[in-house]
Amino acid sequence: MMRRTHLVVAAVTIAAVLLPLASSNPAHLNLAILVLMAAQLGVAWNLLGGYAGQVSLGHAAFYGVGAYTSTLLLLNFGINPWLGMLAGGLVAAALSFAFGWSCFRLKGHYFAMATIAVVEIVQIVFTNWEYAGAAVGLTIPMNQRGWGAMVFADKQPYYLLALGLLLLTLATTWAVERSHVGYYLRAIKDEPDAARSIGIRIARYKQVALALSAFFTALGGSLYAQKELYIDPGSVLTTALSIKMALVSILGGVGTMFGPVIGAVVLTTIEELTRAAFGGSGRGTDTMIYAGLIVLIAVYYPSGLVGWWRERVRRVGNKRAAVIADAEAAA
Amino acid sequence: MTAEILLQTLASGVLIGLIYALVAIGLTMIFGVMDIVNFAHGEFLMLGMYASFWLFALFALDPMLTLPLTVLMLFAFGVLLYKFVIRRIIDAPMLSQIFTTFGLMILLRGAAQFFWKPDFRSIENSWVSGSVKLAGIQLGKPQLAAGIGAIAVTWLVHAFLTRTKLGAALEATAADKEAAQLMGIDSNRMFALAWGIGAACAGAAGVLLATFFPIFPEVGANFILLAFVVVNLGGFGSVTGAFWAGILVGVIEVMGGLLLGPQFKLAVVLVLFLAVLMFRPQGLMGKS
């Protein structure tokens, strides 16, 4: 039963994701790219936030580190963005040890707030760091194009890149979910004391989840830099960005494989549609609608869309069982 | 560096710190009674600023004069926000709570931008303008008035909590919700009260700031982060802790600015904040 739901979800997602390639409207393709990128970040965030239950509101730090590492390597050393992306992921994973070391001993709200502080510190550092372009930011030149340089004049290749990255992140999540790491993480999240008592090294497994999460978040950051060809602290190192990564997971359903993907589809579409419809007024109408929806979702669907659907399926199932039982009793 | 500059900086740090404390008191109180972190707290401050701005611009009423009115308005707003939104998420997971108040934060900023435009506004020539020289230190009158006002409001809140029956009921709810309920204290009413007082305190801070700080829809962002730090350092739920931690954060911020340059003053506060959390995860003044 559960497995079939997964298959349906996967099929629907794949269909939704492939459709934009058939459309000739560049706006559709752009929306699809934004959805894929948001989904990838949500899936990466979910590795730590969903499976290990650590609510990080500081993931923009890893995203920014990824974007800045690949861009600085390219601009100053001429290093290929593909290698730069990998380097960015590794740097972020390495930095995640400092992040984990300083924040993991904190619980609940303390952890969340400490992670916000981390991003704000990193943002201040980059805003004042001349080598990294300071507040002005960094621009990637368009003189070299194609798959080797990861710079393209049209959007289609970015779509494929974002899709590939999302699938890679999903595959990693799938592998983690099925490995002993996944079981330990779930034990840590649900029963930390019991997990400790049977000898699970909590800190180590949380750190594994964090390093993986940081690595993939940074890859997303590098991809953003290659797509926009411009980064600055205000675009890749903000708490609002960290929150969005968490938000797509929460909307879809934390700790589920496809939850963040569904959340990204819904949230990004709403965000872009309201921006297109009301953004031109310059009066914040789009952000008001977006924020109003966030509040409604958080208040009425606390377990996310996947949770809501499962609950619905369960309730319909119960009702059916009750009807059958009634019929049998009558007969 | 002369002693004069040092004293001057110290004084301005204490004065701004008193404002941070006032913002943080409401935040810590809300957390204390119902374990919810209000990300929209800076927006109460923003609303307080705009309320005093419009009362000044439309009716030429001075912010210092309209302070009680604005505080009442914000109190009502806090209570209504609780009744219509927050009440529904009391038992929701922490994540939904975070995102509800985060969504409210963006919503209120968007609303301010919608109704009052994103322009920077200011209140010119209020009753408190210019500066005075006290014991060799030059102090802006608006800052001084804000500091004194912040102490007065903080004292009122403290007196309410320690000397009135309602205040005792609020403290009892914070200490143990179930036990307080068994004693006949309506926790729903206490939660509404905490939101009202929290909003009123932040609103008061906004009014006090309005005479010398630019007024714009995102102004709350400058204060919420520092208020979080203050609440953490002072210990979640502790009003007295928030008061002293507020002053401490104000002083550290201006000292950091003096030593490393103003662009790093926030970073200094945040790094020290992380350092403190590492050694005392319960905060500087919090109980373990």
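The values are calculated or read from the model by the stated rules, or taken from the named source; none is laboratory data. Just so we're clear, the structure is a prediction, and the values are computed from it rather than from any experiment. Using ideal geometry, Cβ is built from the backbone for each residue, glycine included, and neighbour counts are taken over all protein chains shown.
General remarks:
- Residue in the range A:259-269 that is outside the structural domain of A:A32 (by TED's automatic domain parsing) and of a type in the set (S, T, N, Q) present: yes
- Those residues of the range B:199-214 which are modelled with pLDDT under 95, surrounded by 22 or more Cβ atoms within 10 Å (Cβ to Cβ) and more than 9 Å from B:G48 (Cβ to Cβ), in sequence order: B:T211
- Checklist (1) surrounded by fewer than 13 Cβ atoms within 10 Å (Cβ to Cβ); (2) among the hydroxyl-bearing types (S, T, Y); (3) facing another protein chain (nearest Cβ under 9 Å) applied to B:T100, failing item: (1)
- Inspection of the range A:141-148 finds no residue satisfying the criterion of being within 24 Å of the chain's Cα centre (by Cα), in the same structural domain as A:A218 (by TED's automatic domain parsing) and of a type outside the set (S, T, Y).
- Within the set A:V248, A:V323, A:V316, A:V265, the sole residue that is within 30 Å of A:I140 (Cα to Cα) and away from every other protein chain (no Cβ under 14 Å) turns out to be A:V265.
The rows are residues; the columns are (1) more than 22 Å from B:M64 (Cα to Cα); (2) in a helix (DSSP H, G or I); (3) within 14 Å of another protein chain (Cβ to nearest Cβ).
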| position | (1), (2), (3) |
| --- | --- |
| B:E124 | no, no, no |
| B:P142 | no, yes, no |
| B:A174 | yes, yes, no |
| B:N188 | yes, yes, no |
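- One residue stands out in the range A:268-313 among those that are more than 21 Å from B:M94 (Cβ to Cβ) and small (G, A, S): the one that is farthest from the other protein chains (Cβ to nearest Cβ), namely A:A276.
- Residue identified as surrounded by 13 or more Cβ atoms within 10 Å (Cβ to Cβ), on the phi > 0 side of the Ramachandran plot and not aliphatic (A, V, I, L, M) among A:G252, A:G292, A:G304: A:G304
- Highlighted here are the helices (runs of 4 or more DSSP H) found entirely within the range A:125-229 that include at least 2 residues which are buried (at least 18 other Cβ atoms within 10 Å of the Cβ): A:156-178, A:180-190, A:202-228.
- Among the residues of the range B:33-84, those identified as out of contact with any helix residue (DSSP H, G or I) (no Cβ under 8 Å at 6 or more places or on another chain) and small (G, A, S) are B:A57, B:A60.
- Meets criteria (out of contact with any His (no Cβ under 8 Å at 6 or more places or on another chain), farther than 30 Å from A:L163 by Cβ and free of Cβ contacts under 8 Å to residues at least 60 places away in the same chain) for A:G307: no
- Any hit, the range B:31-39, residues being modelled with pLDDT under 90 and polar (S, T, N, Q): no
- Scanning the range B:198-243 for residues that are over 24 Å from A:I121 (Cβ atoms), part of a helix (DSSP H, G or I) and not small (G, A, S) yields B:C201, B:V207, B:L208, B:L209, B:V239, B:T240, B:F243.
- Residue count for the range B:213-249, restricted to those that are among the aromatic types (F, W, Y), touching a helix residue (DSSP H, G or I) at 6+ places or on another chain (Cβ under 6 Å) and more than 16 Å from B:A202 (Cα to Cα): 1
- Flag for A:G84 being outside any helix (DSSP H, G or I) and touching a residue at least 24 places away in the same chain (Cβ under 8 Å): no
- Number of the condition not met by B:R88 [criteria: (1) farther than 20 Å from B:P142 by Cβ; (2) in contact (Cβ under 8 Å) with a residue 12 or more places away in the chain; (3) within 14 Å of chain A (Cβ to nearest Cβ); (4) not aromatic (F, W, Y)]: (2)
- Residue match in the range A:57-66 (condition: in contact with a Phe, Trp or Tyr (Cβ under 6 Å, 6 or more places away or on another chain), buried (at least 24 other Cβ atoms within 10 Å of the Cβ) and not small (G, A, S)): yes
- Among the conditions (1) of a type outside the set (A, V, I, L, M); (2) more than 14 Å from chain B (Cβ to nearest Cβ); (3) in contact (Cβ under 8 Å) with a residue 40 or more places away in the chain, the only one that A:G146 does not satisfy is (3).
- Selected residue (criterion: surrounded by the fewest Cβ atoms within 10 Å (Cβ to Cβ)) from residues of the range A:230-241 that are under 15 Å from the mean Cα position of the chain (by Cα) and outside any helix (DSSP H, G or I): A:T238
- Any hit, the range B:270-282, residues being of a type outside the set (S, T, Y), closer than 24 Å to B:M46 by Cα and buried (at least 18 other Cβ atoms within 10 Å of the Cβ): yes
- Considering residues of the range B:104-122 that are of a type in the set (G, A, S) and farther than 18 Å from B:A202 by Cβ only, the residue nearest to the other protein chains (Cβ to nearest Cβ): B:G110
- No other residue among A:A153, A:A134, A:A94 is within 30 Å of B:L260 (Cα to Cα), without any contact (Cβ under 8 Å) to a residue 12 or more places away in the chain and away from chain B (no Cβ under 14 Å) apart from A:A94.
- Pairs with Cβ under 6 Å, 6+ apart, first in the range A:52-63 and assigned by TED's automatic domain parsing to the domain that holds A:L95, second assigned to a loop (DSSP other than H, G, I, E, B): A:A60/A:L237; A:A60/A:T238
- Residue identified as closer than 22 Å to B:V128 by Cβ, β-branched (V, I, T) and touching a residue at least 40 places away in the same chain (Cβ under 8 Å) among B:V219, B:V239, B:V249, B:V229: B:V219
- Residues being free of Cβ contacts under 8 Å to residues at least 12 places away in the same chain and either under 14 Å from the mean Cα position of the chain (by Cα) or over 25 Å from A:A112 (Cα atoms) (or both) - total across the range A:195-229: 4
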